[in-house]
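K.L.:
One structure coming up, written as structure tokens, with questions to follow.
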Amino acid sequence: MAPETSFGHSSEPLSGPGYARCGSHDLRHSCNSLLGAQGVSARVRMEILGHSDIRLTENVYTHVVPASIREALEGMGRVLALAT
């Protein structure tokens, strides 16, 4: 699946019953964040989105998913519990 056909730069919003106003650009941000939450490397996400610079992928398109924060903190708690 080619990034330019899957996550193109169209600005047409999705519409219909049950859809919040969401354009394809919003989906590109969501795609990157959800792939990151699954552990997909930044380099692979950069390629999927068609970015030429990994800094754009990481600094602009990555948004932290709340479940990832919770998981990281729970892991830290487990490590600290082992240290005591």
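Here, each number is a calculation from the coordinates, and none is a lab measurement. None of these values were measured; they are calculated from a predicted model.
K.L.:
Output the relative contact order of the stretch 25-83, whole-number percent, from Cα pairs under 8 angstrom with separation of 6+ residues.
P.N.:
Normalised by residue count, the contact order of the stretch 25-83 is 35 percent.
K.L.:
What shape does the stretch 25-83 take by its C-alpha gyration tensor, where a ≥ b ≥ c are the square roots of the eigenvalues and a/c under 1.5 counts as rounded, a/b above b/c as prolate, and the rest as oblate? Don't skip to the end; give the middle numbers.
P.N.:
On the way: a/c = 3.28, a/b = 2.36, b/c = 1.39.
Judged from the Cα gyration tensor, the stretch 25-83 comes out prolate (a/c at least 1.5, a/b above b/c).
K.L.:
Another question, if that's okay. Starting from 0.36 nm per residue, how many nanometres of slack lie between Ile69 and Asp53 once their C-alpha separation is accounted for?
P.N.:
Full extension from Ile69 to Asp53 adds 3.2 nm.
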